[in-house]
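Quick notes on the structure that follows.
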Amino acid sequence: MDSFLIKGGVPLHGDVEISGAKNAVLPIMAATLLTAEPCVIRRVPNLSDVRFMGEILEWLGAKVKIDGDTVHVHARKIKGHADYDLVRKMRGSICIMGPLLGRLRKATVSLPGGCIIGARPINLHLKAFAALGAKIKIESGYVEATAPRLAGGPMFLGGRAGSTVLGTANAMMAAVLADGVTIIESAACEPEVVDLAKFLTAMGAKLSGVGSPTMTITGVKELHGAEHEVIADRIEAATFAIAAAATNGEITLKGARADHMHAVIDKLHDAGVLVERRGANLVARRNGKLKPTDVTTLPYSGFPTDVQAQMMALMALTPGISIITERIFESRFMHVSELARLGADIEIEGPSAIVKGGKPLSGAPVMASDLRASAALVIAGLAAKGTTQVNRVYHLDRGYDNMDGKLRKLGARVQRIEES
Ligand code: EPU
């Protein structure tokens, strides 16, 4: 398992090209299953999750070619069954279920199970399929949805923590080929959902109200092939903005979209960090001293849970008391004990973490537990004195395109130690 060796204390300066968004490209790749015609997806990040989604599509019968940052998928003939060994490796693979149900009227997919950040149920996905007339059966670890006739209808997808991103994506991808009109209430408004809708529209689907909590979908008989360019990854952009602030450098985030990052830019501003538009790019740097702040994660357009861990690393460097409240995933604080190994003083109180910031951080070996926790440890390591070894960076490779290469280009002393 590879690790990163980081010699901290170097302010990061320069440009970083923001890649396509992981959480947009995965459901978009799944949506190619909705047509027998070829599709082309551009600005695809080089991630193990993308390669893995490609393998799932191939397993289902599609031809997949990854050519640099372009992916070609041709799902001429597909089957509707995905095994445990496929689904368990990437929880996001549940988003193949909607397109399979839409196209084949039957989908059998292994239940994905929980993951380190929480239980991650799929009850809302199943509620959506049932609202379209599907019969749901759960047996021997598999969920089967069958609908000889899929019929559009109203559905409410609000859950304990608000809307569901992939649940909304699944509902959309089944409803585009259902008979009649589907209205999704409490639909997720994330830019990644909007990007999926853009791809579906290019395939011939009829959607309105996209990006608002009420989405209307009028089913069509069939969809055709389409080309699409994926939006910039707002979480990657936020991660590099925080790395600029943590190391007291200045980073130009090339291609980052300010209009997808209002909550992050606003909170960083409160924390003493400027993220400003410069032409087509954003530039991130400190604006004087770092200031303690409080952050609550919420569905879009609130502060994203996927930036919570990175923000905590910044708070650990900020003198004073900062508070983070995690409202989306119940156990997304695995990075706290690892940040403590670097010298951070953080207490967990229910869904909140109280960060007593400003204590000097010093390098140590730490263990990455999930994708965003790993990013937080890298940020802390970049700002810490001495050497930090972040183990298990395969988590990072799932969701950050060439993070070590991009950091080195910004002047960071980061070395990847490859282990077989
Ligand atoms: N939830 C339910 N029932 C469901 C589905 C979700 O109760 O059927 C709950 C979840 O347990 C959670 C909340 O609803 O409390 C929101 O979960 P959501 O369904 O929105 O998450 P997701 O769609 O499975 C995507 C991203 C995550 C990101 C979340 C929230 C992908 C592939 N994954 O997951 O990304 O954290 O939305 O924004 O799009 C990451 O990139 O590091 C990552 C984990």
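The values are calculated or read from the model by the stated rules, or taken from the named source; none is laboratory data. No experiment lies behind these values; they were computed from the predicted model shown. Positions of Cβ are backbone-derived with ideal geometry, glycine not excepted, and every protein chain shown enters the neighbour counts. We work out accessible area using only protein heavy atoms, side chains counted, and drop any ligands, DNA or RNA first. Shrake-Rupley method; radii C 1.70, N 1.55, O 1.52, S 1.80 Å.
Remarks
- Tally of residues being surrounded by 15 or more Cβ atoms within 10 Å (Cβ to Cβ) and in contact with a Leu (Cβ under 6 Å, 6 or more places away or on another chain) across the stretch 137-157: 4
- Cβ-Cβ distances below 7 Å connect the following pairs, each with a first residue in the stretch 322-349 that is within 20 Å of Leu290 (Cα to Cα), a second residue that is within 16 Å of the ligand (Cβ to nearest atom) and part of a loop (DSSP other than H, G, I, E, B), and a separation of six or more residues or different chains: Thr325/Pro351.
- Some residue of the stretch 347-369 being surrounded by fewer than 24 Cβ atoms within 10 Å (Cβ to Cβ) and under 17 Å from the mean Cα position of the chain (by Cα): yes
- Counted residues, the stretch 201-231 - those being buried (at least 24 other Cβ atoms within 10 Å of the Cβ) and within 16 Å of the ligand (Cβ to nearest atom): 2
- Test: residue in the stretch 158-178 that is open to solvent by 50 Å² or more (accessible area, probe 1.4 Å) and more than 8 Å from the ligand (Cβ to nearest atom): no
- Strands (runs of 3 or more DSSP E) wholly inside the stretch 94-168 that include at least 1 residues being in contact (Cβ under 8 Å) with a residue 24 or more places away in the chain, outside the structural domain of Asp370 (by TED's automatic domain parsing) and over 24 Å from Trp59 (Cα atoms): 154-156
- Evaluated against (1) over 21 Å from the mean Cα position of the chain (by Cα); (2) open to solvent by 20 Å² or more (accessible area, probe 1.4 Å); (3) not hydrophobic (A, V, I, L, M, F, W, C), Gly249 falls short on exactly one condition, (2).
- Ser110, sole failed condition from (1) farther than 26 Å from Ala368 by Cβ; (2) more than 19 Å from the chain's Cα centre (by Cα): (1)
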